[in-house]
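Read through the structure below, which is laid out as structure tokens, and then see the notes.
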Amino acid sequence: MDPRAAWLQELDHPTQGFFPALAARLREPDGPREALCEAVEHLTPRVDWEGHLPQMPHGLLGLRAVLRLEDHLSKASFHRLLATQLHAFAHERRAPAGQGLLHLGLGSGNRQNLNLALRDRHPAIAWGEAATLVEPSVIDFAGLPNRFARDMANVGHKAVVAHHLADLFELLDRPKASGRCLLGLAAWLGVSEPSDHFWNARARKRLEEADISLEPAPPKLPPELHFQAARELCESGLVAMLDSFTNLMVARATEDDLLAILVLAASEKQLDARRDLEGKTAWNFVYLALLPAQEAPETWLQAAALVNFFPTDDEETRVKAEPPKEEPADPFEAVLDAILDAEPARAMGGMAFLWQREGDAGALRVLAEAASRNDPATNHSHQALAVAAAADLVHFLTEPAKARLFEALAKFLANSQGSDDLGRAADRALGENPVL
């Protein structure tokens with residue numbers, strides 16, 4: 001059987017031959033891109049997306065995260081993470097026979113009909129028109145994140161999915177067939193029920209008479225005000241918090257000011273998170289990474305409400321960083337060992353040392369490597385999604401916000417590290433069949 005046929009067979013019915021089939025496919029010309037496009041095209045119409053609502057499985061979403069982290073990983077680690085993420089995607093529950101996106105009617109591939117379906121909220125028609133476009137384009141994806149941003153159903157998944165699938169389309173060099181699947185899924189999800197405009201309505205009420213003009217500019221507020229505003233965001237009730245955050249926007253805080261405050265607050269929530277809420281709390285970073293591309297000012301208030309929604313504990317009871325007693329010979333390995341040994345205090349202290357010594361690149365490299373050693377199915381790809389979000393965010397953040405973000409993620413990864421059995425199986429298959 002040729003490598004493509006064997007790979008498609010494994011996507012359809014995964015067996016113990018999944019990783020060897022992937023390894024063989026990756027060795028083909030343009031193998032990684034082709035294997036990903038085939039997975040997207042084959043699996044997207046077959047997953048039971050409707051059966052998961054209002055939740056969403058993260059197998060497909062995690063593929064964008066893997067590609068986003070490629071530059072921070074060795075070749076072997078990238079292939080491991082790619083393999084285990086594809087494995088997670090292939091094992092997601094399929095729609096019952098005769099149901100799901102695969103069995104929705106197809107349209108005429110008319111962009112006007114697609115826009116009408118989005119406007120009038122007809123998910124089946126939106127899928128059908130998108131799935132039959134002759135050639136999906138960047139423009140087709142471009143407006144979807146802003147269109148869906150006001151709907152915070154499932155903690156803002158709709159806009160995030162639209163943004164990530166648009167980026168995945170670009171990262172895969174704009175493929176036609178799988179691009180139609182990505183666009184169709186983003187459109188279908190964006191207009192599917194349930195919808196939730198609770199936070200958006202309260203945000204718009206506060207902004208109706210306010211003169212808001214957010215600047216994508218460097219921060220103008222001092223760091224101590226960022227920390228103070230972040231603490232207020234964490235500890236205040238929803239109404240008081242929204243009023244306070246609106247006042248910052250009216251006072252012309254820049255986008256970088258607001259993002260620093262939100263990341264500091266989200267990091268506090270992550271440091272407070274119980275082990276069973278680590279992954280869900282890390283979603284805050286994924287949503288915050290969406291903000292620089294957003295047009296509507298109320299989206300920033302929705303982000304503040306999302307971060308505020310997660311529980312805050314007494315700062316005295318949380319895990320505290322333990323700085324290295326002496327300078328480690330290899331700071332990267334010291335942090336990685338602490339994460340893999342599930343020692344959050346040591347991971348946090350080592351991360352601060354590593355970041356000071358090697359900067360953002362060193363911090364992202366160790367976080368990405370740790371995520372590649374954790375099977376995505378263990379925690380629904382939250383680790384890869386959060387680390388990819390950090391890679392998106394660092395370019396906009398102040399130094400104190402970055403320091404807190406990296407510390408919080410070190411704690412999160414150490415506290416949520418699970419099995420790496422699949423990763424080791426992928427390593428064996430890929431090692432026996434090396435990808436040149």
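The values are calculated or read from the model by the stated rules, or taken from the named source; none is laboratory data. On a predicted model such as this, the values are computed, not experimentally measured, just so you know. Glycine also receives a Cβ, built like all others from the backbone with ideal geometry; neighbour counts cover every protein chain displayed. What goes into the accessible areas is simple: the full protein's heavy atoms, side chains included, and nothing from ligands, DNA or RNA. Shrake-Rupley method; radii C 1.70, N 1.55, O 1.52, S 1.80 Å.
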Exercise. Between the alpha-carbon centers of segment 5-27 and segment 350-409, tell me the distance in whole angstrom.
Key: 31
Quiz item: Please identify the trypsin sites (Lys or Arg not before Pro) of segment 107-165 that satisfy two criteria: DSSP loop assignment and at most 15 other Cβ atoms within 10 Å. Which are they?
Solution: ARG121
Quiz item: Is there a pair in LYS269/LYS402; LYS325/LYS402; LYS320/LYS402 whose C-alpha atoms are over 20 Å apart, and which pairs would that be?
Solution: LYS325/LYS402
Practice problem: For segment 203-351, build the charge dipole from Cβ charges (+1 Lys, Arg; -1 Asp, Glu) around the Cα centre, then report which of GLN294, PHE332, ALA266 sits farthest towards its positive end. | Solution: GLN294
Quiz item: Which loop-located trypsin sites (Lys or Arg not before Pro) does segment 62-95 contain, where loop means any DSSP state but H, G, I, E or B and the Cβ has at most 14 other Cβ atoms within 10 Å?
Solution: ARG93
Exercise. Normalising by the residue count of segment 1-137, find the relative contact order in percent from Cα pairs under 8 Å and 6+ residues apart.
Key: 21
Quiz item: What's the longest piece of the chain with no exposed GluC sites (Glu not before Pro), counting a site as exposed if DSSP puts it in a loop and it has at most 11 other beta carbons within 10 Å?
Solution: 1-207
Quiz item: For ASP341 and ARG121, what does the FRET efficiency come to when R0 = 41 Å and r is the distance between their Cβ atoms, rounded to the nearest 0.05?
Solution: 0.25
Quiz prompt | Cα gyration tensor shape of segment 1-103, rounded if a/c is under 1.5, else prolate or oblate by comparing a/b with b/c | solution = oblate
Quiz item: Mean Kyte-Doolittle of at least 1.0 and a Cα length of 15 Å or more along the axis: which whole DSSP H helices of the chain meet both?
Solution: 177-190, 238-250, 382-393
Exercise. Give me the percent of the accessible area of the chain that comes from carbon and sulfur atoms, probe 1.4 Å, all protein chains in place.
Key: 51
Quiz item: Just how large is the dipole of the chain about the Cα centre, in debye to the nearest 20, putting +1 at every Lys and Arg Cβ and -1 at every Asp and Glu Cβ?
Solution: 880
Self-check item: GNM top mover of GLN16, GLN302, GLN270 - the chain, alpha-carbon springs below 10 Å
Solution: GLN16
Exercise. Determine one quarter of the surface area of the Cα convex hull of segment 89-187, which equals its mean projected area, and express it in nm² to one decimal.
Key: 6.6
Self-check item: Residue-level accessible surface for ILE125, protein heavy atoms, 1.4 Å, Å²
Solution: 80
Self-check item: Theoretical ellipticity at 222 nm over the chain - DSSP helices of four or more residues, -39500 (n - 2.57) apiece, nearest 500
Solution: -20000 deg cm²/dmol
Quiz item: If you look at just the Cα atoms of segment 243-371, how large are its Rg and its Dmax in Å?
Solution: 16.6, 49
Quiz item: Which residue fluctuates the most in the chain, going by a Gaussian network model with Cα springs under 10 Å, if the choices are ALA126, ALA296, ALA391?
Solution: ALA296
Exercise. Could you do me a favour and compute the accessible area per residue for the chain, 1.4 Å probe, result in Å²?
Key: 41
